[in-house]
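Engineer: First the structure, then my questions, so here it is.
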Amino acid sequence: FTYAFDNAVYYVGGRSAAATTTNTHEGIVYTTNTVTTGTEVVLPVGQVRTGLAGAVVQATNGPSCLVLIGGITGFTGTPTCFINNGPSAGAFVGTVQYIAYPFTLPSAWLPATPTTPPNYPGSIAFGAAVTSTAFSPARIYHFGGTAALGGSAAGQTTAYWISPPSTLATWSASWTGTAAMSRARWGHGAVTLNE
């Protein structure tokens, strides 16, 4: 997952080798050509993720937040260097966590217990997320993705939205289903235009 915000391009999670997922959160400040680093998921320990989605959203009564959604924390089978070549299954999660700007440690990932809401309605990876300002407050949309790997991998048409956290300490919103995509897909991207 890659995004740009406030003079930097950040990259989060992913795989650093055929079977190695990572929890690094790094970025390039392009005006000074310097690197900024952090840790993607602090809790629970060891929840490295690949195939995650994310978006940046303004808290209604607070700073901008980076929100991460879902992903795969581990593989079974014999993973190779391709996303879906070799792994027969993976440990999918619906974990949703967010962090306030600046998006690096010592800022803390919230919620402190990632098993609590606003987790995604299901375990999902390789979906896409965007923030839309067409409504007030803005909404985070997540759509598509897959809940299986190998020969069972299949795109989904599901689409959900959620309001941003009201403050850094409070995010009591829940996900709401919206119109399904006309074509099931996973591994796709998403953008918003002219808002």
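Engineer: Consider Tyr101 against the criteria (1) open to solvent by less than 40 Å² (accessible area, probe 1.4 Å); (2) at pLDDT below 90: it satisfies all of them except one. Which criterion is unmet?
Structural biologist: It is condition (1) that Tyr101 fails.
Engineer: A further question on this structure: Is it true that some residue in the stretch 157-175 is touching a strand residue (DSSP E or B) at 6+ places or on another chain (Cβ under 6 Å), farther than 19 Å from Val57 by Cβ and open to solvent by less than 50 Å² (accessible area, probe 1.4 Å)?
Structural biologist: no
Engineer: Same structure again: Pull up the stretch 144-156, narrow it to residues that are of a type outside the set (S, T, N, Q) and open to solvent by 40 Å² or more (accessible area, probe 1.4 Å), then point me to the one that is nearest to Gly14 (Cα to Cα).
Structural biologist: In the first step, residues of the stretch 144-156 are kept if they are of a type outside the set (S, T, N, Q); the result is 144-145, 147-151, 153-155.
Within this subset, residues satisfying the condition of being open to solvent by 40 Å² or more (accessible area, probe 1.4 Å) are 147, 151, 154.
On the way: Ala147: 17, Gly151: 21, Ala154: 20 Å.
Once the filter is applied, the top-ranked residue is Ala147.
The values are calculated or read from the model by the stated rules, or taken from the named source; none is laboratory data. Everything numeric here is computed off the predicted structure, so don't read it as measured data. Neighbour counts are summed over all protein chains in view; Cβ atoms, including those assigned to glycine, are modelled from backbone coordinates with ideal geometry. For accessibility, only protein heavy atoms count, side chains too; no ligands or nucleic acids. Shrake-Rupley method; radii C 1.70, N 1.55, O 1.52, S 1.80 Å.
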